[in-house]
Amino acid sequence: MEALAARLSKLDTEAEGALRVVMFYDTLMRRRVDLPALARASAGLAECVTGIRLHGTGRVIRFSPEGREASAPPSPASTTMPITLDEEEIGSVWLERPGPPGPLDEMVLDRLALAAAAVVERYGPARTTMADPALVELVISSDSDEAARARALRLLGFTADLPIRVLAVRSPLPLDQVGGLICPARPVKAAPLADVGVILATTTDPARFPPGVRAGIGAAGSPDRSWQQARTALRFTTPRRPVVHHDDLGVLALLAHVPQEAARDNADVAAITRVAANPDDVETLDAYCTTGSLRRAADLLHLHHSSVARRLDHLGQVLGIDLTEPAGLTRARLALTAWRLLDD
């Protein structure tokens, strides 16, 4: 390969040079080289530093014509070209030639970009967010062995040193849009799975979730455990609290493991079920349980505090709970949460 690169660099005619550039990259692809080998060979051919960057992972590969990774700070690119896969720009390639571009530089970059797209398609990862549901299921399943899980993560584009956080999502928006918003410029994959969407992310920003989306977020670490936590956290979401992190649930997470029949038989939960016949009552109780304050609940409901006080007095009588006492407020919060968990 080095000998071929040396011969190509001394060609006299552009036509013959272009043909041999094509042959050069065809040979590389037949040998199924990876991205570093592709950059190294291209740098030798172009006789200048050559770079490859993938947008999805932020990975940058630069090699000098001597075949070593370029350690000096990048020089301005003399020629650049996008890497395109499935009509989507997933990265770029460039040459750092000190002087003006050579006559075959565009041809070299064109073939390099095509070859890089083929390597990414074969080995991953692409920038695209949507992933094969079978691979995602393999990552989050508790039945997967660690070797299979690691291989699936690698195929999805996650390196071994990246912590993976799993999210369970219900969204009117496409999952790829949600994933791109909450985890910008970092590896993120999404797929629908049964009745819920799954997002695998290396970082998340809960403040970036769009309106209308509900999400449970598991802890970083073992993806199968994180998935179970995410499913549990999703059950605790409400219109006022659409995004729930499992770590923030604390002891409340235990309510998710209470058998539903036992919850229904509880007197406080049964009372909440009766109250639920009136949506305004449920909204008032939720606002009060959320804020712990009559006046803040009134602000949240856009009502006068005296109106909210009358509602709460009525609710306390129906529930048989003194909502003005801390213990009563705790009972109401737990009962309201347990009642919501019945409606999965």
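May I ask you to verify whether Ser42 is touching a residue at least 24 places away in the same chain (Cβ under 8 Å), among the small types (Gly, Ala, Ser) and in contact with a Ser or Thr (Cβ under 8 Å, 6 or more places away or on another chain)?
In short, yes.
Limited to region 78-103, what total is found for residues that are modelled with pLDDT under 90 and of a type in the set (A, V, I, L, M)?
Residues that pass the stated criteria total 2.
Find the residue count for region 20-52, including only residues that are hydroxyl-bearing (Ser, Thr, Tyr) and outside any helix (DSSP H, G or I).
1
If you go through region 203-216 one residue at a time, do you hit one that is open to solvent by 20 Å² or more (accessible area, probe 1.4 Å), at pLDDT 95 or above and under 18 Å from Leu342 (Cβ atoms)?
So far as region 203-216 goes, yes, one or more of its residues are open to solvent by 20 Å² or more (accessible area, probe 1.4 Å), at pLDDT 95 or above and under 18 Å from Leu342 (Cβ atoms).
This table checks each residue for (1) over 42 Å from the mean Cα position of the chain (by Cα); (2) surrounded by 16 or more Cβ atoms within 10 Å (Cβ to Cβ).
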{"residue": "Tyr288", "(1), (2)": "no, yes"}
{"residue": "Ala298", "(1), (2)": "no, yes"}
{"residue": "Gln317", "(1), (2)": "yes, no"}
{"residue": "Thr330", "(1), (2)": "no, no"}
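With the structure loaded, tell me whether Leu114 is in a helix (DSSP H, G or I), crowded, with 19+ Cβ neighbours inside 10 Å and of a type in the set (A, V, I, L, M, F, W, C) or whether it fails that test.
Taking the combined requirement at face value, the residue does not satisfy it.
Please state which one of Leu200, Leu181, Leu173, Leu162 is within 12 Å of the chain's Cα centre (by Cα), open to solvent by 30 Å² or more (accessible area, probe 1.4 Å) and closer than 21 Å to His245 by Cβ.
Result: Leu181 is the single residue among Leu200, Leu181, Leu173, Leu162 that is within 12 Å of the chain's Cα centre (by Cα), open to solvent by 30 Å² or more (accessible area, probe 1.4 Å) and closer than 21 Å to His245 by Cβ.
What are the residues in region 263-283 that are in contact (Cβ under 8 Å) with a residue 40 or more places away in the chain, part of a helix (DSSP H, G or I) and within 10 Å of Ala335 (Cβ to Cβ), if any?
Ala263, Ala267, Asp268, Val269, Ala271, Ile272, Thr273, Val275 - these are the residues of region 263-283 that are in contact (Cβ under 8 Å) with a residue 40 or more places away in the chain, part of a helix (DSSP H, G or I) and within 10 Å of Ala335 (Cβ to Cβ).
Which members of region 117-150 meet the condition of being assigned to a helix (DSSP H, G or I), of a type outside the set (Gly, Ala, Ser), open to solvent by 60 Å² or more (accessible area, probe 1.4 Å) and at pLDDT 85 or above?
Glu137, Leu138, Glu146
The values are calculated or read from the model by the stated rules, or taken from the named source; none is laboratory data. As the structure is a computational prediction, the values presented were derived from the model and not from experiment. A quick note on method: Cβ atoms are made from the backbone with ideal geometry, for glycine too, and the neighbour counts reach across all protein chains shown. With ligands, DNA and RNA removed, areas are computed over all heavy atoms of the protein, side chains included. Shrake-Rupley method; radii C 1.70, N 1.55, O 1.52, S 1.80 Å.
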